[in-house]
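The values are calculated or read from the model by the stated rules, or taken from the named source; none is laboratory data. This one's a predicted model, so the numbers in the text were calculated from it and none came from an experiment. Cβ placement follows ideal geometry from the backbone for every residue including glycine, while neighbour counts extend to all protein chains displayed.
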Amino acid sequence: MIRERIIEVATPSRTYPVVIGPGLLERRELWRRYGKASSIAIVTNKTVAPLYLDRLCTTLAALDVPLIKVLLDDGEPYKTWASANRIFDALLAKRADRDTLIVALGGGVVGDLAGFAAATYQRGVDFMQIPTTLLAQVDSSVGGKTAINHPAGKNMIGAFHQPRAVFADTSTLLTLPLRELRAGLAEVIKHGAMASAALFAFLESDMQGLLARDADALTKVIEDSVLIKSDIVGADERESGERALLNFGHTFGHAIEKGLGFGTWLHGEAVACGMVLAAKLSLHLGLLHALEVERIEALVVRAGLPTVPPDFTPATWIDLMSSDKKSRAGEMRFVVLEGIGRARMTTLDQAQLLGFLAAAGLAEPA
Ligand SMILES: NC(=O)c1ccc[n+]([C@@H]2O[C@H](COP(=O)([O-])OP(=O)(O)OC[C@H]3O[C@@H](n4cnc5c(N)ncnc54)[C@H](O)[C@@H]3O)[C@@H](O)[C@H]2O)c1
Ligand SMILES: [Zn+2]
């Protein structure tokens with residue numbers, strides 16, 4: 001019998017539980033405890049709704065409050081004002097008041113959108129996250145960032161808004177496409193590599209169980225991930241110091257996503273490859289042992305994620321990396337490792353980056 005785990009996430013604005021385990025959508029007493037509201041607006045999408053909306057509505061029927069359902073189109077291109085407006089339209093049509101609870105049922109796109117709507121509807125209503133992708137369970141549902149995209153850039157419009165509670169139901173991962181599961185594992189590997197040698201070792205020993213969606217193994221890595229992320233963002237809600245360490249693999253990863261065109265590789269795929277590059281950079285700088293780089297690369301391979309970056313020219317790499325929002329005044333900031341489970345920031349100028357790319361066989365020396 002698998003028991004669920006509950007993590008209390010403390011932030012300056014509120015403390016909320018993250019419940020992790022199988023079958024949470026059906027757990028009436030959990031919903032009775034956390035679902036108090038004048039009405040409940042479930043925001044989901046056309047892929048997730050046929051899988052889980054009825055199940056959730058059956059459970060919520062016990063609360064005896066009006067339910068409002070908002071079905072959005074599926075995908076990152078719909079993380080827009082137009083979708084947020086569809087949520088507002090539905091809330092206003094049903095005269096939803098300030099005691100309405102918004103429930104995000106879906107992956108990170110639905111979570112970011114519903115969270116943004118909750119942050120702004122009538123100057124802010126409560127919301128709950130029911131993340132149904134591994135990425136959303138280990139990353140986007142914790143931390144309080146909500147956002148929509150603007151034609152000029154991803155996540156350009158947003159707000160910090162902490163949820164009332166997060167229910168990470170591992171049973172929902174049974175229907176997640178394998179490629180999405182692997183992409184979520186990239187962020188778990190990231191948490192191990194930058195903050196927990198024990199989590200990293202667990203991933204090395206039980207990758208098979210995770211890929212087979214074993215509920216115990218999933219619960220364990222989601223719990224560890226939430227603890228690591230909440231520890232960091234609790235101390236640093238608005239991203240200044242330590243929160244930047246969560247970007248391990250992301251400077252190279254963003255360059256890959258952008259260089260290929262967003263959506264060509266999944267975010268997690270780009271981050272996985274980015275972590276291998278960041279590990280090699282750490283070796284190049286004399287911070288990390290070659291054996292540890294090999295362990296990281298081997299784990300990424302076992303998760304079925306890419307290790308070889310696209311064939312960009314040196315100029316393309318520099319161009320892509322220096323326009324990353326983490327760069328300042330010609331210097332590029334990177335998260336590097338001093339060991340598995342130990343990360344820190346460093347800065348490189350263009351010549352140093354070119355030196356690394358050449359040494360790693362990714363580009364000719366300038
Ligand atoms: N707020 C944050 O801190 C934060 C952090 C990381 C990422 N994000 C955001 O998260 C988004 C990416 O999230 P994602 O990777 O979950 O992508 P996603 O929400 O697009 O979900 C991926 C796909 O899986 C489908 N899906 C979801 N749950 C399913 C299930 N249980 N079974 C079958 N299919 C399912 C979705 O409909 C979608 O097609 C991006 O917009 C990103 O900006 C936010
Ligand atoms: Zn990420």
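Computed values, structure above
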read-out	value
The lone exception for Q129 - which of (1) more than 16 Å from ligand 2 (Cβ to nearest atom); (2) touching a residue at least 40 places away in the same chain (Cβ under 8 Å); (3) under 16 Å from the mean Cα position of the chain (by Cα) it fails	(2)
Residue among R95, R86 that alone is at negative phi, over 20 Å from the mean Cα position of the chain (by Cα) and basic (K, R)	R86
Residue, nearest to ligand 2 (Cβ to nearest atom), within the range 259-310, restricted to residues that are buried (at least 19 other Cβ atoms within 10 Å of the Cβ) and acidic (D, E)	E269
Residue check for T219: buried (at least 22 other Cβ atoms within 10 Å of the Cβ) and either touching a residue at least 24 places away in the same chain (Cβ under 8 Å) or within 22 Å of R344 (Cα to Cα) (or both)	no
Residue selected from the range 71-97 under the condition free of Cβ contacts under 8 Å to residues at least 40 places away in the same chain and in contact with a Lys or Arg (Cβ under 9 Å, 6 or more places away or on another chain), by the criterion nearest to V109 (Cα to Cα)	D74
Residues that are farther than 19 Å from S141 by Cβ and not acidic (D, E), drawn from the range 197-216	A197, A198, F200, A201, F202, L203, S205, M207, Q208, G209, L211, A212
Test result for L299, touching a Phe, Trp or Tyr at 6+ places or on another chain (Cβ under 7 Å) and part of a helix (DSSP H, G or I)	no
Yes/no for L210 being more than 24 Å from F248 (Cβ to Cβ) and touching a residue at least 12 places away in the same chain (Cβ under 8 Å)	no
Subset of the range 335-355 [modelled with pLDDT of 95 or more, among the hydrophobic types (A, V, I, L, M, F, W, C) and buried (at least 16 other Cβ atoms within 10 Å of the Cβ)]	V335, V336, L337, I340, A343
Qualifying strands (runs of 3 or more DSSP E) (wholly inside the range 144-211; at least 2 residues being within 15 Å of ligand 1 (Cβ to nearest atom) and among the basic types (K, R))	none
Boolean, V9 is surrounded by fewer than 22 Cβ atoms within 10 Å (Cβ to Cβ) and either closer than 20 Å to L101 by Cα or modelled with pLDDT of 95 or more (or both)	no
Options L105, L92; residue that is surrounded by fewer than 23 Cβ atoms within 10 Å (Cβ to Cβ) and in the same structural domain as W31 (by TED's automatic domain parsing)	L92
Residues within the range 106-127 that are in contact with a Pro (Cβ under 9 Å, 6 or more places away or on another chain) and among the aliphatic types (A, V, I, L, M), tallied	2
Near pairs, Cβ below 6 angstrom, 6+ apart or cross-chain, from the range 261-280 (at pLDDT 95 or above and assigned to a loop (DSSP other than H, G, I, E, B)) to any residue that is basic (K, R) and crowded, with 21+ Cβ neighbours inside 10 Å	none
The listed residue being free of Cβ contacts under 8 Å to residues at least 24 places away in the same chain and either among the hydrophobic types (A, V, I, L, M, F, W, C) or touching a Leu at 6+ places or on another chain (Cβ under 8 Å) (or both), out of A168, A201, A197, A183	A201
